[in-house]
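**Q** Questions regarding the structure given below will be posed in turn.
The values are calculated or read from the model by the stated rules, or taken from the named source; none is laboratory data. This one's a predicted model, so the numbers in the text were calculated from it and none came from an experiment. So basically every Cβ, Gly included, is an ideal-geometry build from the backbone, and we count neighbours across all protein chains shown. The area values use the complete protein model at the heavy-atom level, side chains included, leaving out ligands, DNA and RNA. Shrake-Rupley method; radii C 1.70, N 1.55, O 1.52, S 1.80 Å.
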Amino acid sequence: MKKLISIIALFLFSSFQLFAQHDLVGTWERKNDTINSVKIITPTHWMVYAEEKNQNGTEFMWSHGGTYTLKGNNYVENIETASWEDYGEVKTDFTIKIEGNTLYHKGSLIMEDGSVVPIDEVWKRANTNNSYNNNPSVGVWDQLNSTYTLPDGSEESHTNDTATRFQIITPTHWMRMSHRDDKFEHFMGGTYKFDGKKMYPNFEFSSFPDDEYSEVVIDQRVNGDKMYWDGYAISKKDNKKLTFKDEFQLVGPKVSK
């Protein structure tokens, strides 16, 4: 993951103007009787989340993301971060077709042992009531460091030497995948509201119970390729507050779709 961030940061920040938007860019949803899945695609990155439906509701299945190449209708995903191990040797080869708000996604996953997993998916473009094209945090981000105060008053911190947070924000959705000491930690995402300075994330899909917080408020400041968050989260269980201060580095182009 750190290799991904360092390489992309050096290349992309000086080359954002080279990445044109295309119809694949956006947030897509796939829902059926057994699975809910959400996928974000930017001009350079992608991230996907899936949960399984069962008699108790839904349960987190997996998440992964990375970069991709698109040539005509040939779409190849490079899996560079995931909630599962041994993803580095998995190869992809897909054909895509977009008709209106529908994405047809076919092809295969070639696993490390050479076995082939066929993929045949139909996605619908996500519809939301709110879209914030003026949100300066729209883009792909690496969290450089974080300091936070837990509800019991104890203070903790980390940098991306040990804790990585791969985060995508679009005008309508956000997603974050977290690893600590090279092990998957958690995933979260959803829609949000933005009033010009403050961001109010909604936790609509996650690897932990998505009703954990009753309120999350983030004071946001973007300065060039850096973003600074100063916020808090209120626990729904005991109404206690977690506060945090985060610094991010932009590693993917800001988009407006």
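**Q** Select, from GLU99, GLU29, the only residue that is surrounded by fewer than 17 Cβ atoms within 10 Å (Cβ to Cβ), within 15 Å of the chain's Cα centre (by Cα) and over 25 Å from LYS183 (Cβ atoms). Spell out the reasoning first.
**A** Values: GLU99 fails: within 15 Å of the chain's Cα centre (by Cα).
Only one candidate qualifies: GLU29.
**Q** Also, I was wondering about something else. Check the stretch 146-155 and report whether any residue there is modelled with pLDDT of 95 or more, surrounded by 14 or more Cβ atoms within 10 Å (Cβ to Cβ) and over 30 Å from LYS240 (Cα atoms).
**A** So far as the stretch 146-155 goes, no, none of its residues is modelled with pLDDT of 95 or more, surrounded by 14 or more Cβ atoms within 10 Å (Cβ to Cβ) and over 30 Å from LYS240 (Cα atoms).
**Q** Just to be sure before I move on: is THR172 buried (at least 18 other Cβ atoms within 10 Å of the Cβ) and touching a Ser or Thr at 6+ places or on another chain (Cβ under 6 Å) in the structure I sent? Full working, then the answer.
**A** On the way: buried (at least 18 other Cβ atoms within 10 Å of the Cβ): yes; touching a Ser or Thr at 6+ places or on another chain (Cβ under 6 Å): yes.
Yes: the conditions hold for THR172.
**Q** Considering every residue within the stretch 219-226, establish whether at least one is under 16 Å from VAL138 (Cβ atoms), more than 13 Å from the chain's Cα centre (by Cα) and β-branched (Val, Ile, Thr). Let's see the steps before the verdict.
**A** Taking the stretch 219-226 and keeping what is under 16 Å from VAL138 (Cβ atoms), we get 220-226.
Now narrow it down to the ones that are more than 13 Å from the chain's Cα centre (by Cα): 220-226.
Subset that is β-branched (Val, Ile, Thr): 222.
Yes.
**Q** Report the residue count in the stretch 122-143 for those that are open to solvent by 40 Å² or more (accessible area, probe 1.4 Å) and aliphatic (A, V, I, L, M).
**A** 1
**Q** Also, I was wondering about something else. Would you check if there is a residue in the stretch 240-256 being touching a Lys or Arg at 6+ places or on another chain (Cβ under 6 Å), of a type in the set (A, V, I, L, M, F, W, C) and either exposed (fewer than 13 other Cβ atoms within 10 Å of the Cβ) or at pLDDT below 95 (or both)? If you could, list the steps in order and put the result at the bottom.
**A** If we filter the stretch 240-256 for residues that are touching a Lys or Arg at 6+ places or on another chain (Cβ under 6 Å), which is where we start, we get none.
Within the stretch 240-256, none of the residues are touching a Lys or Arg at 6+ places or on another chain (Cβ under 6 Å), of a type in the set (A, V, I, L, M, F, W, C) and either exposed (fewer than 13 other Cβ atoms within 10 Å of the Cβ) or at pLDDT below 95 (or both).
**Q** Which one of these does SER131 not meet: (1) over 23 Å from ASP219 (Cα atoms); (2) polar (S, T, N, Q); (3) out of contact with any Leu (no Cβ under 8 Å at 6 or more places or on another chain)?
**A** Evaluating SER131 over (1) over 23 Å from ASP219 (Cα atoms); (2) polar (S, T, N, Q); (3) out of contact with any Leu (no Cβ under 8 Å at 6 or more places or on another chain) leaves (1) as the failure.
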